[in-house]
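Asker: The structure under discussion is supplied below as structure tokens; questions concerning it will follow.
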Amino acid sequence: MHHRSSSPADDHPRNCNYEADVRYTLQMCQWVLKPIGVWHLVQDQSGTLNRIASMALMTVCFSCLFFILVPCGRYIILEEKNVYTRVKLLGPIGFTLWSTIKYFYLARKGAVFARCILHMRRDWEMVEEPSHRDIMLRQATISRSLTSVCAMFLYSGGMSYNTVMPFLSKQRSAANSTVRPLMYPGYDAFLDTQSSPTYEIVFSIHVFAAFVRYTVTTAAYSLAALFVTHICGQIEIQTTRLDGLLGSRSEKASQDPLAVVIRSHVEILRFSKNVEEALQEICLAQIMESTLIICLLEYYCLMEWEHSDEIAILTYFILLTSFVFNIFIYCYIGEVLSEQCSQIGPSAYNIEWYNLPAKEARNLVLLSAISLYPPKLTAGKMMELSLNTFTIVLKTSVVYLNLLRTVTDR
């Protein structure tokens, strides 16, 4: 990672509270990354034992995910002939598959995430003005709030789907009461899942795998919100510096205030590039997952409405709300990132630049020109995450829903 070009004295922390600030900013990410073994992979200072423990934990998590994917995938392809049942299983299996892919990229991009987190730590160390620290804390609070809402929706709907709905839904109640329910079929060819303790073990693995899936989704979401809100905070700080540029020049300053703005803006662009590199595959998986899962959840809600199954309707509706909310926030933070970064140009123009010396005023031209091409958060470099992308995802899911209802119409 390229560090700021500064004097040796600048290497010393200027924010005496930076350790507490960094801990507050990264706390939510740490909470969701530690249970899946990714946290120590994105920490440069993690010891060897911590990394070994992380690899062991990731091995267990991946094993639980494949414990669902392989038998249930085989069952759908080779054994199940009913189209409606296949569609009912396609949602949870599809979500498990996409969660596995996101989990893989979270682990694979650990070094890039580490660079981003190191950059954030450096920003917290170097913040000096109390007003600038307040801006960064406000953005960190926004990131924590978004992550909390995401986790609330996912865990409430997802864990209910895997623990409550199998026992309380009407379709299960109408079946033979001696058959103990499992959300994922396909084990009868290998195990007697109705006997104890086999049933309890398989059911527990299913619940743990569900926890892993929703934790992976929340972790990816948390990292995206954390990085983008941090960039927005840095852009807001640069805008504040531009607004006070003339006042800073009237005072004796240790550094050229315009040089500070330009140097910080370059660092923001470099950080944005690292964030794009870290998240592009995860965002692509999220877009494709959301399009498929939203379509299927809409279909499940309609089908359960016909069956008048209140428990299933409520569970599917909570899950649908969480997936719509998550993809909306992904697209929204992508929109905010581009919009905020493009505000540097207008801010540079709106100051009283005509009162600056001509040579220095011309330096603002390059700053304005760069702001015309703001960094963007993309899905695999194929589509930009924006509110327009959100509408495309919803429209596409409705199109697929109509197609699905036509295919499964009996």
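Asker: In whole Å, largest first, what are the principal axis extents of the Cα atoms in the chain?
Answerer: Principal extents (Cα only, largest first): 85, 49, 30 Å.
Asker: Further, regarding this structure: How large is ³J(HN,Hα) for each residue in the stretch 85-95, as worked out from phi by the Karplus curve 6.51 cos²θ - 1.76 cosθ + 1.60 (θ = phi - 60°), to whole Hz, x for Gly and Pro?
Answerer: Here the 3J(HN,Hα) series is 5, 4, 5, 4, 8, 5, x, x, 5, x, 5 Hz.
Asker: Taking a cut-off of 20 Å between Cα atoms, list the aspartates and glutamates near K395, but don't count ones fewer than 8 places away on the same chain.
Answerer: Cross-link targets: E289, E298, E335, E384.
Asker: What whole number of Å gives the distance from the Cα centroid of the stretch 91-107 to the Cα centroid of the stretch 366-390?
Answerer: 26 Å
Asker: GNM, the chain, Cα, under 10 Å: largest mean-square fluctuation among M382, M288, M159?
Answerer: Largest GNM mean-square fluctuation: M382.
Asker: With springs connecting C-alpha atoms under 10 Å apart, model the chain as a Gaussian network and identify which of C16, C283, C301 has the largest mean-square fluctuation.
Answerer: C16
Asker: Pairs K88/K376; K34/K109; K81/K381; K109/K376: which exceed 27 Å Cα-Cα?
Answerer: K88/K376; K81/K381
Asker: Spelling out what I want: for every residue of the stretch 330-343, take phi, set θ = phi - 60°, compute 6.51 cos²θ - 1.76 cosθ + 1.60 (Karplus), and round to whole Hz; glycine and proline get x.
Answerer: In residue order, the calculated couplings are 3, 5, 5, 5, x, 5, 5, 4, 5, 5, 5, 5, 7, 7 Hz.
Asker: Turning to a different aspect of this structure: At 222 nm, what helix-only mean residue ellipticity would the chain give, in deg cm²/dmol to the nearest 500, using -39500 (n - 2.57) for each DSSP H run of four or more?
Answerer: One gets -26000 deg cm²/dmol as the mean residue ellipticity at 222 nm.
Asker: Near the amide H of T378, under 5 Å away, which other amide H atoms are found, from residues 5 or more places off or on another chain, if H is placed in the peptide plane?
Answerer: L385
Asker: How large is ³J(HN,Hα), in whole Hz, for each residue of the stretch 115-127 in order, when computed from phi with the Karplus curve 6.51 cos²θ - 1.76 cosθ + 1.60 and θ = phi - 60°, using x for Gly and Pro?
Answerer: 5, 5, 5, 4, 5, 4, 4, 5, 4, 5, 5, 8, 5
Asker: Next up: Kindly give the semi-axes, whole Å and largest first, of the ellipsoid equivalent to the stretch 249-321, taking each as the square root of 5 times a Cα gyration tensor eigenvalue.
Answerer: 52, 15, 7
Asker: Using a 1.4 Å probe on the protein chains only, how many percent of the accessible area of the chain belongs to carbon and sulfur?
Answerer: 62 percent
The values are calculated or read from the model by the stated rules, or taken from the named source; none is laboratory data. This structure is a prediction, so every number in the text was calculated from the model and none was measured. Heavy atoms of the whole protein, side chains included, go into the accessibility calculation; ligands, DNA and RNA do not. Shrake-Rupley method; radii C 1.70, N 1.55, O 1.52, S 1.80 Å.
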